[in-house]
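Student: Dropping the structure in here first, questions after.
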Amino acid sequence: MMKKLLLIVTIVMITSMLLSACGVPAVAPAPAEPAAPAAVGEIKIGMISAFTGLFSGFGEMQKQGAVLALEEANYMAGGKKIVLIMEDDQLDNEQAITKSKKLVEQDKIDILTGMVSGDEGLAVADYMKDKNIPVIPMYSASEDITMREFHPMIVRTTWTGAQSMDVFGYWLATQKGWKKVYQIGEDYSYPWNQGGGFMRGFCRGGGEEVTSVWSPPGSTSDFSSMIASIPLDQGYDAVLYNGGGGDAVNFVKQFVELGYHKKIALIGQSNTFEKPDLDALPADIVGAYSPHHTADDLNTPEWNTFKEAFNKRWGRNPSAASEFAYSSMRVILRAIDALNGDISDKTALVDAMLKVDMTDDPRGPVSLDPKFHAAIGNVYIREVSKAEDGTLYNKGIWTVKNVSQFGPYDPDTYLKQPIDGNTYPPQKCSDFPPEMLEAANIYEFVEFGK
Amino acid sequence: MSFMRNNTIKSIFYVIATILLVLLPFYVGQYTVTTFIRIIYFGFLSLSMGFLIGQGGMVSLTQTAFFGLSGYIIGLFGVERGLIFPWPDLMAIGAVLILAFLFGIIAMRTHKIVFLMITLAFGQVCWAFAAQNTTILRGWSGIRGIRPFVIYGINFNEYQNFYWASLVLFFLSVFILWRITKSPFGLALNGIRENPKRMAAIGYPVYWIRVVAFLIAAVYAGLGGILAAYNTGIIMPTTIQLSRTIWVLLTVILGGASYFFGPIVGTAIAVWLDVLISGVTERYNLVIGVIFLLIVLFSPTGVIGIFDTLRKDKKFTITNIFSFKKRRYIQKHKRRW
């Protein structure tokens, strides 16, 4: 009976080989067809996000913002019904790719959006490269998505990591006169990018040194040894915590518990003091600076309308992640409107997105760079403050208008530099390439609210 | 080999299942095929773990590290150095063998719970190294842009071709592993599982048999890793994190750790549950967890165990359709594995 088994296996092998040989020309053209919308008058938007895992807070905020924009439009755009399909990737690359494949291959989506973390965005953008489906990253801030790995189907209406931090570093060095900063960061692409922007801005403004220590994200909840090794006697002006989400909550809590907030100033990157994590932080951090593209007390009619609507729908105040999702989704809907619902030509859809008027964006006027499809918008320097009801919020103090992802640099010069990592940019400002220090200042610091 | 004896109906069933699998891309959508590719590469991984558990009685938590290692080698040499087929793939298997040998000669000195802990430590060391090494392995960002090759004019970027290649590789590998299990080596391994001391007394080189079994299992994990890297196009530390290892262990137990085909059945069920339930509810992890729990609670021998018990039960005539002759045979021989 061994012979019988061998016979069967051989038959199967031969059949499969024959079939694969014959099948190639017959089946090959099939996937080349563009994914057609499943039903007439229906546009499918896929949203992939980390609703569970380390950044679930941002994922949740992102979802709420996107849903709010869709509900305001009544799930209709350009005369067609909009269907939103959400998938959770658990902040895992294998899941992110698998869920993108599910959206593309099974649901036949027309537009892909979402993405919370930087690496997630890079992975999904890499997979989507040859799919001819527009990709609109929301909170994912790795600059290479719209720089070195840019492809024409990407439209990012939000931000890159370095965008806000470059302004922040420059501001600290020029306005505060700080010379040395001690940076503790999460060891992956988004904090590298934030740190890179910070170091460039800080050194250009006249700083001397940004000492950096990196630790893998989510690997520990005990930062006491890392905090204890902060050198207090070496003239550092501040500690920059370059991380967000659960790690930031743990770090900042322990920083305060160990009494370090009385010994040295604490500043954060864009996510460190973001809502909803800010609600879990101790009130002792009042006065800590951080930069972002939103501020909680932004007093413009657009922001107030958005805040009110968000509060009414979800019972909480919006954060940057929800604003980014809201504005990204609105760009998508307006582009579909502009094309009267005919989105069969994806290049035309991307062009329409680039032409969308975003001057009424809640976070301030935004325009899109036609070459790299990245956003140019306001950056706010913010300070953690205590509201009358005792809760913490990010109070804006300075505004810088029209900041692009390249900061004050010429795109060509910028792209010649290595990718931001945990070894680049150099820690000492004197080791910087001169062209990165010489760029003329184009930032104009306007008092917040004016 | 007994599963073929006097059982033409069952053989026909297997042949039909095989043909259905081979013809799969012709009658289902692209995503179903993608899901089957996932089942195949996770099947390799759980087969690797299930082989060690079922045949050798060794619960190893290092297998995911081998899975990731071969992916990293593909990324490093196939993408960054630009080597072409088959060099990155051969190097991946070679690297997996070397690492498995190094780990094996240390880990095989231990048994039971100590073995579990030491393999857990190995797996975690690999994960931490991948996460923290930013100069070569790119830390958390991982290596992107891994794509299958075009070999002899066949473009494996087409999902159908990739599926058929994976399927052929899978059938071949499963068949070879099945033969290994039934060979004198496999039986010696089973003996070591039951009583290592007695096997040593008889004169078997217990230590080296276990090391070789570990190497074989590592190659299977490595093969899965190669397919996974090509299919996802990216390799990151999250691929080899502990939660993945635990998930694979669960699939092995779900299918039935003591059965040869248990890990494959378990993986197929787990992957499909994930696909089907995540589309229905956001709390899909909870639902899947409860299903896992129920199966393990009512059948400690997994899903195959359920069918096995039903088949042995005379009252269930419907499930005995495929083995009406076998019933007597089973009663006579009382299969243990």
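The values are calculated or read from the model by the stated rules, or taken from the named source; none is laboratory data. Quick caveat, the model's predicted, so the values are computed rather than measured. With ideal geometry, Cβ positions are generated from the backbone for all residues, glycine too; neighbour counts draw on all protein chains shown.
Student: Considering only residues that are touching a residue at least 12 places away in the same chain (Cβ under 8 Å), of a type in the set (Gly, Ala, Ser) and more than 23 Å from A:Val379 (Cα to Cα), which ones fall in the range A:247-287?
Tutor: A:Ala280, A:Ala283
Okay, residues lined up against (1) under 21 Å from A:Gly396 (Cα atoms); (2) surrounded by fewer than 24 Cβ atoms within 10 Å (Cβ to Cβ); (3) within 14 Å of chain B (Cβ to nearest Cβ):
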residue: A:Tyr170; (1), (2), (3): yes, no, no
residue: A:Thr211; (1), (2), (3): no, yes, no
residue: A:Ile230; (1), (2), (3): no, yes, no
residue: A:Ala238; (1), (2), (3): yes, yes, no
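Student: Right, another one. Go through the range A:184-197 and give me each residue that's touching a Ser or Thr at 6+ places or on another chain (Cβ under 9 Å) and more than 18 Å from B:Gln132 (Cβ to Cβ).
Tutor: A:Asn193, A:Gln194, A:Gly197
Student: Considering each of B:Gly56, B:Gly71 in turn, give the residue that is in contact (Cβ under 8 Å) with a residue 24 or more places away in the chain, more than 14 Å from every other protein chain (Cβ to nearest Cβ) and touching a helix residue (DSSP H, G or I) at 6+ places or on another chain (Cβ under 9 Å).
Tutor: Step by step, each of B:Gly56, B:Gly71 is checked, and only B:Gly56 is in contact (Cβ under 8 Å) with a residue 24 or more places away in the chain, more than 14 Å from every other protein chain (Cβ to nearest Cβ) and touching a helix residue (DSSP H, G or I) at 6+ places or on another chain (Cβ under 9 Å).
Student: Kindly indicate whether A:Gly390 is outside the structural domain of A:Leu415 (by TED's automatic domain parsing), at positive phi and not in a strand (DSSP E or B).
Tutor: Answer is no for this residue.
Student: If the requirement is being more than 26 Å from the chain's Cα centre (by Cα), modelled with pLDDT under 90 and farther than 21 Å from A:Arg382 by Cα, which of these qualifies: A:Ser225, A:Ser221?
Tutor: A:Ser225
Student: On to the next question. Just checking, how many residues over the range B:15-26 are facing chain A (nearest Cβ under 7 Å) and crowded, with 16+ Cβ neighbours inside 10 Å?
Tutor: Summing the residues that are facing chain A (nearest Cβ under 7 Å) and crowded, with 16+ Cβ neighbours inside 10 Å in the range B:15-26 gives 3.
Student: Going by the structure shown, is B:Ile246 touching a helix residue (DSSP H, G or I) at 6+ places or on another chain (Cβ under 9 Å) and among the hydrophobic types (A, V, I, L, M, F, W, C)?
Tutor: Criteria not met by B:Ile246.
Student: Of everything in the range A:39-68 that's among the small types (Gly, Ala, Ser), surrounded by 21 or more Cβ atoms within 10 Å (Cβ to Cβ) and away from chain B (no Cβ under 14 Å), which residue is nearest to A:Glu274 (Cα to Cα)?
Tutor: Looking at residues that are among the small types (Gly, Ala, Ser), surrounded by 21 or more Cβ atoms within 10 Å (Cβ to Cβ) and away from chain B (no Cβ under 14 Å), I get A:Gly57.
Conditions tested, residue by residue: (1) of a type in the set (A, V, I, L, M); (2) surrounded by fewer than 24 Cβ atoms within 10 Å (Cβ to Cβ); (3) without any contact (Cβ under 8 Å) to a residue 40 or more places away in the chain.
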| position | (1), (2), (3) |
| --- | --- |
| A:Ile82 | yes, yes, no |
| A:Ser100 | no, no, no |
| A:Asp110 | no, no, no |
| A:Asp119 | no, no, no |
| A:Lys129 | no, yes, yes |
| A:Ala141 | yes, no, no |
| A:Pro152 | no, yes, no |
| A:Trp159 | no, no, no |
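Student: Taking the range B:269-288 on its own, how many of its residues are among the polar types (S, T, N, Q) and surrounded by 19 or more Cβ atoms within 10 Å (Cβ to Cβ)?
Tutor: Looking only at that region, the number is 1.
Student: Could you tell me which residue of the range A:308-323 is surrounded by the most Cβ atoms within 10 Å (Cβ to Cβ), considering only residues that are at pLDDT 90 or above, charged (D, E, K, R) and farther than 21 Å from A:Asn402 by Cβ?
Tutor: Restricting to residues being at pLDDT 90 or above, charged (D, E, K, R) and farther than 21 Å from A:Asn402 by Cβ, the top hit is A:Arg313.
Student: Turning to a different aspect of this structure: List the helices (runs of 4 or more DSSP H) that sit entirely inside the range B:97-211 and contain at least 1 residues that are among the hydroxyl-bearing types (Ser, Thr, Tyr), within 14 Å of another protein chain (Cβ to nearest Cβ) and touching a helix residue (DSSP H, G or I) at 6+ places or on another chain (Cβ under 9 Å).
Tutor: So the answer is B:159-182.
Student: In the range A:275-307, which residue that is touching a helix residue (DSSP H, G or I) at 6+ places or on another chain (Cβ under 6 Å) and charged (D, E, K, R) is surrounded by the most Cβ atoms within 10 Å (Cβ to Cβ)?
Tutor: Across the range A:275-307, the extreme among qualifying residues is A:Asp277.
Student: May I pose another question? Go through the range A:104-153 and give me each residue that's more than 10 Å from chain B (Cβ to nearest Cβ), in a helix (DSSP H, G or I) and either modelled with pLDDT of 90 or more or closer than 24 Å to A:Ile43 by Cα (or both).
Tutor: Residues satisfying the conditions are A:Gly121, A:Met128.
Student: I want to confirm something. Restricting to the range A:408-442 and keeping residues that are small (Gly, Ala, Ser) and in a loop (DSSP other than H, G, I, E, B), which single residue is surrounded by the fewest Cβ atoms within 10 Å (Cβ to Cβ)?
Tutor: A:Ala440
Student: Still on this structure, please answer the following. Out of the residues in the range A:248-296 meeting the condition of being outside any helix (DSSP H, G or I) and among the β-branched types (Val, Ile, Thr), tell me which one is farthest from the chain's Cα centre (by Cα).
Tutor: Filtering the range A:248-296 for residues that are outside any helix (DSSP H, G or I) and among the β-branched types (Val, Ile, Thr), the one farthest from the chain's Cα centre (by Cα) comes out as A:Ile264.
Student: Now, a different point. Among the candidates B:Leu215, B:Leu187, B:Leu227, which residue alone is over 21 Å from B:Ile93 (Cα atoms) and of a type in the set (A, V, I, L, M)?
Tutor: B:Leu187 is the lone residue from the list that is over 21 Å from B:Ile93 (Cα atoms) and of a type in the set (A, V, I, L, M).
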